[in-house]
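Worksheet: the structure to be examined is printed underneath.
The values are calculated or read from the model by the stated rules, or taken from the named source; none is laboratory data. All of these numbers come straight from a predicted model, not from anything done at the bench. Positions of Cβ are backbone-derived with ideal geometry, glycine not excepted, and every protein chain shown enters the neighbour counts. These accessible areas exclude ligands, DNA and RNA; they are computed on the full protein's heavy atoms, side chains included. Shrake-Rupley method; radii C 1.70, N 1.55, O 1.52, S 1.80 Å.
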Amino acid sequence: MFRKIAFTVFICTLFSTVFSQTQTQSKTLHAVKAQQPPKLDGKLDDAVWQNVPIATDFTENFPDFGKPCLHRTEVKVIYTDESIYVGAYLYDTLSLIRKQLTQRDKERFQDVDNFSVTFDTYKDKQNAFQFLATVENVQSDVRISAAANGGNGDGPAGFDYNWDAVWDSRISIVSDGWIAEIKIPYSAIRFSEKDVQDWGVNFGRFMRRTNQQFYWNPVDPKIDGFVNQSGTLEGLENLQPPLRLSFLPYISLGYQTVPTNSGTINNFLYNGGMDVKYGINESFTMDMTLIPDFGQVQSDNVVLNLSPFEQHFTENRPFFTEGTELFNKAGIFYSRRVGSTPTGYYNVLQLASDSGYSIIKNPSLTQLYNATKFSGRTKHNLGIGIFNAVTAPMYATLDKKNGETIKIQTEPLANYNIVVLDQSLKNRSYITFTNTNVIRNGNARDANVGAVNFSLFDKKNTYNFQLNGKYSTIKGDDPHDGFATFTSFSKVSGTWQWGVYNNIESKNYDPNDLGFLRSPNEFKNGAFITYNQFKPSKTFNFRNYNLNVEQINLLQPFSYQETHVSANFLHVFKNFWDITLIAESSPAWSNDYFELRTPGRVLKRLPFTFLGLAGSTDSRKKLFVNYFLGFADFSPQPNDPFYLTRLGARYRFSPKFSLDLEEERQDDKGNFGWATFDSAGEPILGLRRVIQYTNTLNAIYNFKARMGLTVRARHYWSKVHYYQFYDVQQDGYFTKRDFIPGLEENFNLFNLDMFFTWDFRLGSRLIIAWKNALGPDANIDGITYTKYGNNFRQIFTVPHSNEFSIKFVYYIDYLQLKKKKT
């Protein structure tokens with residue numbers, strides 16, 4: 001979280017606005033066509049680089065916009081029939097250049113200088129491709145889009161850091177700085193087929209020792225947007241989009257042991273499949289994955305979920321994280337629905353428990369047969385996206401203990417489909433239509449959700465109006481239709497920014513077959529006001545103050561739910577330490593219509609106030625520390641404080657090796673929540689103390705630019721102790737009842753993920769993985785081991801499951817293969 005605070009500061013400088021809307025005159029650079037490609041060696045001494053126009057005079061973006069870069073930067077662009085080349089000479093004091101090795105796409109927050117180039121190939125000022133190389137030649141690439149509903153992966157809204165292209169770069173260190181030479185094949189990007197075309201372009205330079213970001217065409221933090229502040233690359237003639245056809249076959253082998261109460265299950269793991277990428281024309285690409293293997297992904301951060309809503313997990317599977325920004329634009333695509341846990345998985349566990357059957361096989365994930373993505377943008381800036389996936393029917397096998405087995409279907413054959421039409425308009429405006437559809441075999445539930453998103457900016461980029469509408473249709477045993485709308489009007493210009501919004505979700509609005517929504521039936525009004533200080537002062541590099549007020553009502557029947565007030569105050573000091581003050585409050589008794597798991601029933605919630613203090617030290621130093629301290633009070637209930645403490649430390653032992661440890665403790669001494677039902681089906685409320693510990697260790701060792709080892713260990717422990725139980729009245733208030741023993745919980749999780757990754761050639765990769773976790777039937781006695789230290793030691797005495805696997809992925813480019821044969 002706290003590294004993201006530092007990142008937020010940088011992003012705010014890019015995408016916030018102030019009163020003045022006078023933009024700097026856009027710069028222009030002429031690209032030169034070369035008959036022969038240069039030798040990619042990071043030296044720029046080939047004849048083709050001589051007498052080429054130079055982009056220079058870079059301007060500081062952060063922390064002090066407008067100042068010229070004190071170190072000369074010169075950039076040239078040439079192109080051939082197959083690729084575009086960017087050569088950058090970054091003058092600097094050799095001993096001051098930061099050179100830490102990082103993983104691909106992980107250069108942020110690391111101690112390393114970098115250079116980037118951004119191409120807006122359709123010049124729509126909304127969508128772009130960014131390519132970045134560090135001084136150690138570690139690559140990063142980003143798809144930038146006009147996202148309406150948040151970012152993808154770990155980036156901000158509209159920045160897709162999970163997108164990976166196949167391109168090349170070379171770096172050389174020279175006596176007066178460093179040189180970056182980048183080759184971007186046309187197959188890595190998309191553009192229109194025209195005789196003569198201009199692209200939007202910008203070049204960036206980041207100097208880590210001073211945390212200064214510079215751009216060739218000034219990127220003013222006082223102007224909303226990043227791509228719209230690009231310069232122009234002219235002179236691109238007779239570009240012929242190539243045949244974009246590549247294959248990514250893979251093979252994986254492994255072994256798995258899973259200890260259970262009925263014996264250890266041993267499995268040999270083997271799989272093979274292929275990803276195919278095909279450029280249908282100059283603008284559109286189809287991606288397919290056949291029999292994918294998603295075993296080598298990071299384990300989920302599972303917690304003991306006491307809420308009435310499901311837990312939301314981050315997507316870690318490459319096919320669903322790369323190039324999906326168009327499908328995520330309407331906010332109704334949650335890719336973890338595809339290939340998730342079969343709906344009958346837990347029913348089988350319950351059946352085995354009740355009947356005494358032993359489980360021979362009960363897959364916890366649904367097998368994916370194939371998935372396809374089709375996406376692109378026409379010369380008229382119409383984005384088109386089609387996504388389709390087919391999952392296999394899943395079955396569980398149980399032994400009746402007399403030699404007879406039974407087979408139960410836990411998930412039917414299913415087809416998942418998304419269609420998106422996204423039209424870019426003038427002034428960074430757009431209108432988007434999205435439709436998601438899920439069809440399951442037989443009489444199982446089917447679903448369809450349609451959405452229209454409209455975003456309008458005025459000519460001066462001062463105001464924004466959004467209007468979104470969604471409609472869901474569910475067919476099956478419980479057919480129902482529902483709708484949702486979102487409307488907002490905001491001022492996106494000025495050191496003072498503000499906005500008002502309204503969100504409506506009908507009682508039967510249900511996007512959860514392919515989307516994610518915790519609770520429908522909502523009528524919410526909100527307003528916010530924000531102050532940004534962009535110009536550094538004597539004390540601060542940046543300050544941000546934000547106040548948000550929301551009133552939430554139940555829509556059907558219309559009734560009051562909650563008033564929520566939140567405020568955040570972020571300060572970044574001159575030494576790049578930061579501190580954030582957080583305040584949240586629900587000042588009046590609120591009505592919770594979901595906690596009791598009983599339709600039509602309400603629970604009265606106490607007023608509360610939460611205060612938090614967060615901050616971090618200078619991340620440029622070897623030792624980086626971040627912290628979060630939180631306290632909440634529920635009035636008028638006595639002796640019910642909530643405490644949150646989080647402390648993290650990262651130490652960089654060398655440019656290759658770093659260690660990161662984070663510990664979090666939550667202690668809620670007055671937690672009210674649903675505990676169970678009585679014999680008549682009435683909900684019973686419990687007053688309980690909930691303690692949660694989370695310890696996460698990350699170790700990273702990078703042998704070289706494209707070879708690294710990562711180790712991640714996470715232990716989570718949650719203990720629930722009940723003080724008192726209550727019957728809930730019809731009005732939501734509650735009265736004491738007899739104590740119910742046996743409902744305490746002691747929940748432990750441990751995951752160890754280790755990945756060795758070697759990108760041995762462009763697009764090709766070898767991955768060796770080891771995953772260790774507590775066995776599914778492992779149990780730690782929470783009554784005997786009540787303290788965290790004792791509990792933690794016990795996780796090493798109970799059975800663990802282990803999985804070891806090797807995966808080999810090889811990239812084949814059809815054009816390169818054809819050229820070699822010729």
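A few remarks follow.
- Check: segment 321-437 dipole with +1 on Lys, Arg Cβ and -1 on Asp, Glu Cβ, in debye: 460
- In a DSSP loop and with at most 14 other Cβ atoms within 10 Å, the trypsin sites (Lys or Arg not before Pro) in segment 421-502 are Lys459, Lys460.
- Multiplying the residue separation of Phe573 and Ser635 by 0.36 nm and removing their Cα-Cα distance gives an extension gain of 18.8 nm.
- Share of carbon and sulfur in the accessible heavy-atom surface of segment 296-407 [1.4 Å probe, %]: 50
- Extension gain for Ile806 to Phe465 (0.36 nm times residue separation, less C-alpha to C-alpha distance): 117.7 nm.
- Here's the picture: charge each Lys and Arg Cβ at +1 and each Asp and Glu Cβ at -1 in the chain, and of Gln637, Ala396, Asn305 the one pushed furthest to the positive end of that dipole is Asn305.
- Measure of compaction for segment 21-93 (Cα Rg per 2.2 N^0.38 Å): 1.31
- Hydrodynamic radius by Kirkwood, which averages 1/r over all alpha carbon pairs of segment 557-668, in angstrom: 17.0
- Estimated from the Cβ-Cβ distance and a Förster radius of 41 angstrom, the FRET efficiency linking Trp498 and Asp667 is about 0.65.
- Portion, in percent, of the accessible area of segment 633-791 that falls on carbon or sulfur, probe 1.4 Å: 57
- Solvent-accessible area, 1.4 Å probe, carbon plus sulfur percent, for segment 162-222: 42
- Applying 1/(1 + (r/R0)^6) with R0 = 30 Å to the Cβ-Cβ distance of Phe309 and Lys736 gives a FRET efficiency near 0.65.
- For segment 333-409, the solvent-accessible area with a 1.4 angstrom probe is 50 square angstrom per residue.
- Extending 7 Å from the Cα toward the beta-carbon at both Ile431 and Phe653 defines two label points whose distance is 5.9 nm.
- Between Thr797, Gly775, Thr757, the Cα set farthest toward the positive side of the dipole of segment 719-822 (charges on each charged residue's Cβ, about the Cα centre) is that of Thr757.
- Dimensionless Rg over Rh [segment 716-822; C-alpha; Kirkwood]: 1.35
- At q = 0.06, 0.10 Å⁻¹ the log10 of I(q)/I(0) for the chain amounts to -0.42, -1.29, computed by Debye summation with a single uniform scatterer per C-alpha, solvent ignored.
- A DSSP coil position with no more than 15 other Cβ atoms inside 10 Å describes the following trypsin sites (Lys or Arg not before Pro) in segment 374-414: Lys379, Lys400, Lys401.
- Across all directions, the average flat footprint of the convex hull enclosing the Cα atoms of segment 152-273 is 15.1 nm².
- Computed E for Val32/Lys379 - FRET, C-beta separation, R0 30 angstrom, nearest 0.05: 0.75
- Label-to-label distance, Asn790 versus Ala680, with points set 7 angstrom from Cα along the beta-carbon direction: 4.1 nm.
- Point-to-point label distance, Tyr531-Thr260, nm (Cα→Cβ direction, 7 Å offset): 6.2
- The stretch between Phe540 and Phe247, if pulled fully straight at 0.36 nm per residue, gains 100.4 nm over its current Cα-Cα span.
- Among Tyr716, Leu253, Thr676 the positive-end extreme of the charge dipole of the chain (Cβ point charges): Leu253
- Loop-resident sites, segment 532-584, for trypsin sites (Lys or Arg not before Pro), counting at most 13 other Cβ within 10 Å (DSSP): Lys538, Lys574
- Residues in segment 371-414 that a label on Thr343 would reach, taking backbone N under 15 Å of a point 7 Å out along Cα→Cβ: 391-395, 409-414
- Where segment 558-621 is the region considered: accessible area per residue in Å², 1.4 Å probe: 43
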